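Working notes, structure below.
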Amino acid sequence: QVQLVVSGGGLVQPGGSLRLSCAASGSIFRIYAMGWYRQAPGKERELVATITNDGSSNYADSTKGRFTISRDNAKNTVYLQANSLKSEDTAVYYCNAKAGATTYWGQGTQVTVSS
């Protein structure tokens, strides 16, 4: 089992920045990739960014160049630095971890971009 605890989120003005954190615990040795997803009201959950154990990252076209995913292996934590935020980035953000054949999800955190 893997447990994920998400922190960060909140209200930010357009053009502002935010950092989300996702701390993993439990059977972390089995994790080979982690990622961030988001779900806006009335829309399906979508990919934001992913990162593998070797540091390879992947971004959605909508977040490329503005968001950065990173990981601190010593802290078993993945971060999402979100810059130049837009109103369309407003959503509930979720962290996930892939361990073996199982995908684990953390609780969501609301990010609202509004003036």
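The values are calculated or read from the model by the stated rules, or taken from the named source; none is laboratory data. All of these numbers come straight from a predicted model, not from anything done at the bench. Counting neighbours? That spans all protein chains shown, and the Cβs are built from the backbone with ideal geometry, glycine included. Keep in mind that these areas ignore ligands, DNA and RNA; they rest on the heavy atoms of the full protein, side chains included. Shrake-Rupley method; radii C 1.70, N 1.55, O 1.52, S 1.80 Å.
Please go through the stretch 6-27 and pick out each residue that is surrounded by fewer than 15 Cβ atoms within 10 Å (Cβ to Cβ) and either over 18 Å from Gln81 (Cβ atoms) or touching a Pro at 6+ places or on another chain (Cβ under 6 Å) (or both). Answer for the stretch 6-27, where residues must be surrounded by fewer than 15 Cβ atoms within 10 Å (Cβ to Cβ) and either over 18 Å from Gln81 (Cβ atoms) or touching a Pro at 6+ places or on another chain (Cβ under 6 Å) (or both): just Ser25. For Ala82, state whether it is farther than 18 Å from Gly16 by Cα, under 13 Å from the mean Cα position of the chain (by Cα), at pLDDT 95 or above and of a type in the set (Gly, Ala, Ser). Considered against the rule, which asks whether it is farther than 18 Å from Gly16 by Cα, under 13 Å from the mean Cα position of the chain (by Cα), at pLDDT 95 or above and of a type in the set (Gly, Ala, Ser), Ala82 comes out as no.
In the stretch 92-115, the residue that is modelled with the lowest pLDDT out of those that are of a type in the set (A, V, I, L, M, F, W, C) and touching a helix residue (DSSP H, G or I) at 6+ places or on another chain (Cβ under 6 Å) is Ala99.
The residue that is farthest from Glu46 (Cα to Cα), among those in the stretch 69-86 that are open to solvent by 70 Å² or more (accessible area, probe 1.4 Å) and not charged (D, E, K, R), is Ala74. In the stretch 87-112, of all residues being polar (S, T, N, Q) and open to solvent by 50 Å² or more (accessible area, probe 1.4 Å), the one that is farthest from Gly15 (Cα to Cα) corresponds to Thr102.
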